[in-house]
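A.B. asks: Got a structure for you, written out below as structure tokens; questions coming shortly.
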Amino acid sequence: MTDARARILGGIRAALGPRDDAAVAARLAHPPAHARVPVDADPVAHFLSKLALPTLSASGERVTSRAAVPAAVAAYLAQAGLPARAAVVPALAGLDWGGIAVHDTLDRDEPAAVSLAAAAIAETGSLVFASAPDAPTLFNFLPLHHLAVVAAADIVPHLEDAWAAVRARGPLPRNVNLVTGTSGTADIEALLVRGAHGPRFLHVLVVDG
Amino acid sequence: MTAARAQFRRRVVQALDDAGLAVALDRTTTLLSGRRRHVLADFPDFERARDEARDLKDHVLAHLDTYLETFERNATAAGATVHWAQSAAEARQAVVDICRAANAKTVTKSKSMLGEEIAVNAALEAAGIRPVETDLGEHIIQLAGELPSHIVMPAMHKTRAEIAALFERHHAGHPKLTEVRDLVESARREIRDAYFAADVGISGANFLIAETGSTVTVTNEGNAELTTALPRVHIVIVGIEKVVPTFADMTVLLRLLARSALGAEFTQYVTVYTGPKRAGDRDGPQEFHVVLVDHERTGLLAGPYREMLRCIRCGACMNECPVYGAIGGHAYGWVYPGPMGAVLTPTMLGRDSAPDLPEACTLNGRCAEVCPVRIPLATMLRRLRADAWTAGLVEKPVRLGVRLWAFAATRPALYRALSAAGLRAYALARRLGLKRLPFAGGWTASRDLPPPAGRSFHALWRERDRDR
């Protein structure tokens, strides 16, 4: 395998000829500014308007504080015709879940799971999840109904801001997942169907407090 | 005629006779190209972003070895094992070796065009390992034993009835389904079992980020995440040209990718993978491998088609191409169809493998107009034609015809005399009932011969000049 490495790098060097790599160090240290997509002055409002678009096929609501999250989850489960039971990430286990039976493991066909986003992006209407011991990745992908909690203060305007927010927390985690609306596929006769493998339903709780 | 030419022409005739394919092609290309135009309205700086994307790709290619070494260093520091594979055979072997070391029986795969390119599934099967494609389109063509017909929507040529028949035959319980939603549900159930049974998950990578040693997937279904978070081992197979310097550079390309590929602002899932499970992680792989694959890319780097390495595999070019729109992906004979396939197939597999592809082009240039990284596709196809001429690959009748035309065209008086005589002969022949033109039987078999204009352009021009 080291032989292949030497052959490939040798082939590249032969193709490129002698050159100066100062440009590489310079670019890694100071990436140039790039064109962005315009975003409203209020990223929270912009994010919620993206969530409402049919292209995302998701829903959202504002919640006054973290303490109000369990009630909002209970209301969602009731209107979806689901029992008062959910898988909840360890990061949110400390809330008072009241009448909802919570567990922190995931069934293969988990009906509903609640997870906590590290940030959200107004530009695209995306949620940003960073894997961690108290925030396993699969809570965002296994369930049929995915409820995501994100603090309004963690909603940033652009993609670049989201990367910066995650990297400010420390070394990159194993996964950073951007989730934008619900799973979908148009592979059969170009007809869009939601819930291909990931969640078919996504409900976002934007917490103000 | 060479075997390759005969095969291509047979596939083209077959495709043109396929009414169902025509419906599928029209539906898919019209939908995707229309959506693409629509979605650009919300991105005023789109053209600037294309310039930035082209420039960053050219910069990376000009320093490709340094960026690959930077990626390798940072990936290794994050706990990844980085492998290098120059040929398709070496790449297949690397994947099989990792799977064998993991005692893998079942492997789940998320969509990887590179995987198709190096034919990794066949190698796994030969090693007694079962690969399960999880992307719905790839799942369908895996069951059908076919190649993809579009790089973004691989099963776009299949009708729901054909897919229902495949699922009835292969899915547990042999369901008899008709609705598209039910077909998707059946695949969701069938593949979910595979996710949990898999010992190894294989993914591709849309990008490699040098500054952190991360890989990135850009998908819509959630299958990449389920493929890679559940098994003990995650293998990324990726072409060496996919490396970008920083997250900022990746973001430029991210803004272009879904817009160009699907006419969507963004895809549902963008995941950045950096190393294996961390201490305390409850999901994720214990081993994270990245197989960096060359497979003819250093050859492209060294030659006149280097810009082809900018390609981010969006498929916008084939959505605009009238030839792809008429014959579909399978006619191109390999895993990459449309304009990008017409360049990649001869340059990666050798000119002899696909002599007709660069010629099956009207040079309309729409592909280059929509390419997010401004690859001069039409110019490259024209150059490939010139290369084929120089290499003596053009068929004798065509060479003779071009030589005769060149002889006359470089002698203006002779050319005008021949044109004038030809026009009179044509007018006479039509009056006498001529219906078919010699050497143009294919064209005149289904078209009426047009009436001659009467006078040649040169004659009319001379008259106009005199009248001034």
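The values are calculated or read from the model by the stated rules, or taken from the named source; none is laboratory data. Keep in mind that this is a model prediction, so the values were computed, not measured. Heads up, the Cβs are rebuilt from the backbone with ideal geometry, glycines too, and the neighbour counts pull from every protein chain shown. These area figures cover heavy atoms from the full protein model, side chains too; ligands, DNA and RNA do not enter into them. Shrake-Rupley method; radii C 1.70, N 1.55, O 1.52, S 1.80 Å.
A.B. asks: I need the Debye-formula profile for chain A: one equal scatterer per C-alpha, no solvent, reported as log10 I(q)/I(0) at q = 0.08, 0.09, 0.13 1/Å, two decimals.
C.D. replies: -0.37, -0.45, -0.78
A.B. asks: Using a cut-off of 9 Å between beta-carbons, work out the net charge of the residues near B:THR246 (Lys and Arg +1, Asp and Glu -1, B:THR246 not included).
C.D. replies: So the environment of B:THR246 carries a net charge of -1.
A.B. asks: On alpha-carbon atoms, Rg over Rh for region B:373-468 using Kirkwood Rh?
C.D. replies: 1.08
A.B. asks: Rounded to the nearest 500, what is chain B's calculated 222 nm mean residue ellipticity when only DSSP H runs of at least 4 contribute -39500 (n - 2.57) each, over all residues? Mind dumping the intermediate values first?
C.D. replies: On the way: 22 runs with 250 residues, N = 468.
Rounded to the nearest 500, it is -16500 deg cm²/dmol.
A.B. asks: Among the trypsin sites (Lys or Arg not before Pro) in region A:50-154, which ones are in a DSSP loop with at most 13 other Cβ atoms within 10 Å of the Cβ? Mind listing them?
C.D. replies: Listed in order of number, the matching sites are A:ARG108.
A.B. asks: Then there is this: Enumerate the calculated ³J(HN,Hα) couplings along region B:182-199 in order (Karplus 6.51 cos²θ - 1.76 cosθ + 1.60, θ = phi - 60°), each rounded to whole Hz, writing x wherever the residue is Gly or Pro.
C.D. replies: 5, 5, 4, 4, 5, 5, 4, 5, 4, 7, 4, 4, 5, 3, 7, 8, 5, 8
A.B. asks: Averaging over all projection directions, find the projected area of the Cα convex hull of region B:348-406 and quote it in nm² with one decimal place.
C.D. replies: Orientation-averaged projected area of the Cα hull: 4.9 nm².
A.B. asks: Okay, moving on. Name the residues whose placed amide hydrogens come within less than 5 Å of the amide hydrogen of B:LEU292, ignoring near sequence neighbours (fewer than 5 apart) on the same chain.
C.D. replies: Placed amide hydrogens put B:HIS83, B:TRP84, B:ALA85 under 5 Å from B:LEU292.
A.B. asks: State, in angstrom, two size descriptors of region B:71-130 derived from its alpha carbons: Rg to one decimal place and Dmax to the nearest whole number.
C.D. replies: 12.4, 34
A.B. asks: Now for a separate question. Quote the FRET efficiency, to the nearest 0.05, computed for B:ARG430 versus B:LEU40 with a Förster distance R0 of 60 Å and r equal to the Cβ-Cβ distance.
C.D. replies: Efficiency, from the Cβ-Cβ distance: 0.80.
A.B. asks: Measuring from label point to label point, each 7 Å out along Cα→Cβ, what is the B:THR81 to B:HIS174 span in nm?
C.D. replies: 4.3
A.B. asks: Here's another thing I want to ask about it. From a point 7 Å beyond the Cα of B:HIS458 in the direction of its Cβ, which residues of region B:410-439 have a backbone N at a distance under 14 Å?
C.D. replies: In region B:410-439, the label zone of B:HIS458 (backbone N under 14 Å from the point 7 Å along Cα→Cβ) covers B:410-424.
A.B. asks: Another question, if that's okay. Based solely on its DSSP helices, what 222 nm [θ] is calculated for chain A when runs of n ≥ 4 H residues each add -39,500 (n - 2.57) and the sum is averaged over all residues, nearest 500 deg cm²/dmol?
C.D. replies: On the way: 5 runs with 53 residues, N = 209.
Result for chain A: -7500 deg cm²/dmol, rounded to the nearest 500.
A.B. asks: Any chance you could run the full-extension gain for A:ASP20 through A:THR55? It's 0.36 nm times the residue separation minus the Cα-Cα distance, nm to one decimal.
C.D. replies: Net length gain for the segment: 8.0 nm.
A.B. asks: Classify region B:1-120 as rounded, prolate or oblate from the Cα gyration tensor: take a ≥ b ≥ c as the square roots of its eigenvalues, call it rounded if a/c is under 1.5, otherwise prolate when a/b beats b/c and oblate if not.
C.D. replies: oblate
A.B. asks: Any idea how far apart A:LEU82 and A:HIS30 come out in nm if each label point goes 7 Å out from Cα toward Cβ?
C.D. replies: 5.0
A.B. asks: To continue, here is another question. Which Cys residues of the protein assembly as shown have no other Cys beta carbon under 4.7 Å away?
C.D. replies: Cys with no partner Cβ under 4.7 Å: B:CYS99, B:CYS311, B:CYS314, B:CYS321, B:CYS361, B:CYS371.
A.B. asks: A further question on this structure: Taking 0.36 nm per residue of sequence separation and subtracting the Cα-Cα distance, how much length would be gained by fully extending the chain between B:THR379 and B:LEU363, in nm to one decimal?
C.D. replies: 4.9 nm
A.B. asks: Here is a follow-up. Provide Rg over Rh for the protein assembly as shown; use the alpha carbon set for both Rg and the Kirkwood Rh (inverse mean inverse pair distance).
C.D. replies: Radius of gyration relative to Kirkwood radius: 1.03.
A.B. asks: Per residue of region B:378-393, in order, report the coupling 6.51 cos²θ - 1.76 cosθ + 1.60 (Karplus, θ = phi - 60°) as ³J(HN,Hα) in whole Hz, putting x for Gly and Pro.
C.D. replies: Using θ = phi - 60°, the values come out as 5, 4, 5, 5, 5, 5, 4, 5, 4, 4, 5, 4, 4, 7, x, 8 Hz.
A.B. asks: Ranked by accessible surface with a 1.4 Å probe, highest first, in what order do B:LEU393, B:LEU256 come?
C.D. replies: These residues rank, largest area first, as B:LEU393, B:LEU256.
A.B. asks: Please find the FRET efficiency linking A:ARG13 to A:SER65, where r is the Cβ-Cβ separation and R0 is fixed at 41 Å, and quote it to the nearest 0.05.
C.D. replies: Calculated transfer efficiency: 0.10.
A.B. asks: Continuing with this model, one more query. Hey, if you put +1 on the Cβ of every Lys and Arg and -1 on every Asp and Glu Cβ in the protein assembly as shown, which of A:PRO90, B:ALA425, B:LEU404 ends up farthest toward the positive end of that dipole?
C.D. replies: Farthest along the dipole direction, towards plus: B:ALA425.
A.B. asks: Let me see the pair-distance distribution of chain B: every alpha carbon pair, 20 Å bin width, integer percents in order.
C.D. replies: Pair shares across the bins are 21, 50, 21, 7, 0.
A.B. asks: For region A:134-148, take each phi angle, set θ = phi - 60°, evaluate the Karplus expression 6.51 cos²θ - 1.76 cosθ + 1.60, and give the result in whole Hz per residue in order, putting x for glycine and proline.
C.D. replies: So the J values, rounded to whole Hz, are 9, 8, x, 4, 5, 4, 8, 10, 7, x, 6, 10, 10, 9, 10.
A.B. asks: Around B:TYR336, which amide H atoms from residues at least 5 apart in sequence, or from another chain, sit under 5 Å from its own amide H, with H modelled in the peptide plane?
C.D. replies: Answer set, sorted by chain and number: none.
A.B. asks: Suppose the chain between B:ASP26 and B:GLU47 were pulled fully straight at 0.36 nm per residue; how much longer would it get relative to their current alpha carbon spacing?
C.D. replies: Separation in residues times 0.36 nm, less the Cα-Cα distance, equals 4.8 nm.
A.B. asks: Follow-up question, since we're still on this one. Lys and Arg at +1, Asp and Glu at -1: add these up for the other residues within a Cβ distance under 13 Å of A:PRO157 and post the number.
C.D. replies: Around A:PRO157, the charge tally is -4.
A.B. asks: Comparing A:ASP161, A:ASP104, A:ASP21, which has the greatest mean-square fluctuation in the GNM of chain A with Cα pairs linked when under 10 Å apart?
C.D. replies: Of A:ASP161, A:ASP104, A:ASP21, the most mobile in the Gaussian network model is A:ASP21.
A.B. asks: What average count of beta carbons from other chains do you get within 10 Å of the Cβ of residues in B:245-254?
C.D. replies: 6
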